[in-house]
Amino acid sequence: MKNTSRHDAWSAGDSYDAYMGRWSRLIAERFLEWIDVREGLDWLEIGCGTGALSYSILARCDPASLIAVEPSEGFVEAARRNVPDQRAGFHVGDAEILPIDDSSRDIAVSALVLNFVLDKQKALSEMVRVLRPGGAVAFYVWDYPGGGVEFMQSFWDAAASLDPAACDLAEDKRFPDCTQERLIELADSVGLEEIKSAAIEVPTIFTDFEDYWHPFTLGAGPAPGYCLSLESDARQRLKKVLQDCLLQRADGSIALNARAWAINAEVP
Ligand SMILES: C[S@@+](CC[C@H](N)C(=O)[O-])C[C@H]1O[C@@H](n2cnc3c(N)ncnc32)[C@H](O)[C@@H]1O
């Protein structure tokens with residue numbers, strides 16, 4: 001079996017923030033607007049990374065408490081630094097075996113995570129297990145199969161034009177389940193009810209080509225991990241292809257778009 005996850009490096013918080021965190025913070029805000037839940041709840045967040053969604057939950061939802069679980073120790077440390085708040089606790093843990101008591105939380109959320117979890121049904125069942133009756137499960141993943149994350153898709157298209165091996169590593173091929181239909185089916189398969197779904201989009205504007213390219217050279221995440229694995233010559237060739245194909249506006253900026261599919265559902 002091909003090991004397509006070998007470049008998924010989740011550890012260096014600063015590198016992650018430069019590549020993805022700056023956009024995941026924007027999309028977290030849109031997601032919370034969409035789910036629109038009341039104040040005073042006990043929240044659980046799965047795969048909090050460096051704390052993008054955690055920060056927004058604390059800033060705008062006035063939770064009673066937030067427990068966040070994340071397998072990367074480096075990210076847990078970064079989240080603790082980025083989100084110093086007495087209502088929040090950040091713990092090393094895995095979505096498939098949550099270190100949380102049954103029926104102890106009101107809402108379980110996860111941002112851009114489920115596609116990386118090996119057994120998604122198990123992860124969702126775990127979220128259901130720890131929620132009180134009537135609790136909410138809400139999550140979102142990038143629309144990889146629809147090419148919805150344009151900055152990432154451009155990278156993989158350019159990489160595949162130079163290196164056939166990059167085709168298997170591209171996230172649109174690796175994560176075919178990130179469609180609206182499949183996500184609704186997944187929520188339904190664990191017994192969730194009142195399933196709602198929406199596309200959530202954010203603009204991703206890069207000030208110039210370097211602002212686009214540099215985060216790929218930092219190694220945090222599948223595409224940057226692949227970029228860093230290339231020999232210097234190959235990396236320069238990839239950079240040149242991207243430079244030639246990305247549309248730059250008169251001021252040098254590059255305007256792209258990123259779309260996620262979100263689900264919001266209820267535990268019976
Ligand atoms: C794209 S990042 C998203 C991070 C953060 N939620 C955000 O919105 O910026 C994917 C995250 O999923 C986490 N992850 C991967 N496998 C996981 C698992 N089995 N259980 C929980 N989290 C996982 C990674 O460590 C990483 O932090």
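The values are calculated or read from the model by the stated rules, or taken from the named source; none is laboratory data. Please read all numbers here as calculations on a predicted model, not as lab measurements. Every residue, glycine among them, receives a Cβ derived from its backbone with ideal geometry; neighbour counts consider all protein chains shown.
The table for this structure:
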item	result
Residues of the range 21-31 that turn out to be touching a Leu at 6+ places or on another chain (Cβ under 8 Å) and more than 8 Å from the ligand (Cβ to nearest atom), as a count	1
Selection within the range 33-64 - surrounded by fewer than 24 Cβ atoms within 10 Å (Cβ to Cβ) and within 12 Å of the ligand (Cβ to nearest atom)	Tyr55, Ser56
Among (1) closer than 27 Å to Asp14 by Cβ; (2) more than 19 Å from the chain's Cα centre (by Cα), the one test that Val117 misses	(2)
Residues being touching an Asp or Glu at 6+ places or on another chain (Cβ under 8 Å) and at positive phi - total across the range 216-232	1
Within the range 149-268, helices (runs of 4 or more DSSP H) holding 2 or more residues that are under 18 Å from the mean Cα position of the chain (by Cα)	150-162, 171-174, 180-189, 222-229
Criterion (of a type outside the set (Asp, Glu), under 12 Å from Ile46 (Cα atoms) and either more than 12 Å from the ligand (Cβ to nearest atom) or surrounded by 19 or more Cβ atoms within 10 Å (Cβ to Cβ) (or both)) met by exactly one of Val113, Val92, Val128	Val113
Ser15 vs. criteria touching a residue at least 12 places away in the same chain (Cβ under 8 Å) and either farther than 28 Å from Asp143 by Cβ or within 11 Å of the ligand (Cβ to nearest atom) (or both)	no
Filter result (under 18 Å from Tyr19 (Cα atoms) and either touching a residue at least 40 places away in the same chain (Cβ under 8 Å) or of a type in the set (Gly, Ala, Ser) (or both)) within the range 31-53	Gly47, Cys48, Gly49, Gly51, Ala52, Leu53
Conditions (1) under 15 Å from Ile107 (Cβ atoms); (2) modelled with pLDDT under 95; (3) within 15 Å of the chain's Cα centre (by Cα); number of the one not met by Leu53	(2)
